[in-house]
Amino acid sequence: MGRILAIDYGRKRVGLAVSDPQQIIANKLATVATHTIWDFLQTYFKNEKVDEVVIGYPLQMNNTASEAVVYINPFIKKFKQKYPEIPLEMADERFTSKLAFQTMIDGGVKKAGRRNKAMVDAISATIILQSYMEQKRNRM
C-alpha cells in the first residue's frame, strides 16, 4: 500500500502532508515555494509510492468554488497531464487555515511562531489529509 499525499496549493507556498504507508495517520511533510512544486513532486514520486493525491479545493459557504480556484484549477489540470496514473481527489478546505492556527495555539506555539505562514500551510495540508482519510474510512 502506498501513501496519500495532500496538497494545500497557494500562490506563494504549497503545504504538503503525507500519510503513513498504511494510510492511517497524516503527517506534515513540507512547505515549498509554489514555483518549485513540480520539481518537488517529481523527486517525491520517484522516491515514494503514492497511491493518490488530495488537493484542498476552496469552497464558499454556499458550496460554490471560491475565487482562489483561478490559480488552483490550472495546477490541477497540469497535474492530471503530468501524472495521469495517480488519482487526484479534491477535498473541501474551508476553515483549514483557521483550524491550523488554532492547532498551533493549542500546541503552545508562541505568537511569533504562529506568524510562520509556511507552518500554517503544512498544518493545513495535514488537516486536509487527515479529514480525507477519515471520510474515506467512513465510506467503507
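Between the amide H of residue 2 and those of 51, distances stay under 5 Å, these residues lying 5 or more places away or on another chain, with hydrogens modeled in the peptide plane. Placing a label point 7 Å from the Cα of residue 71 along the Cα-to-Cβ line, the residues of segment 36-59 whose backbone N sits under 13 Å from it are 36-37. Charged neighbours of residue 19, selected by a Cβ distance under 10 Å, balance to -2 (K, R count +1; D, E count -1).
Values in this text are rule-based calculations from the coordinates and carry no lab data. Since this is a predicted model, take the numbers as computed values, not measurements. Ideal geometry is used to build each Cβ from the backbone, glycine not excepted, and the neighbour counts take in all protein chains shown.
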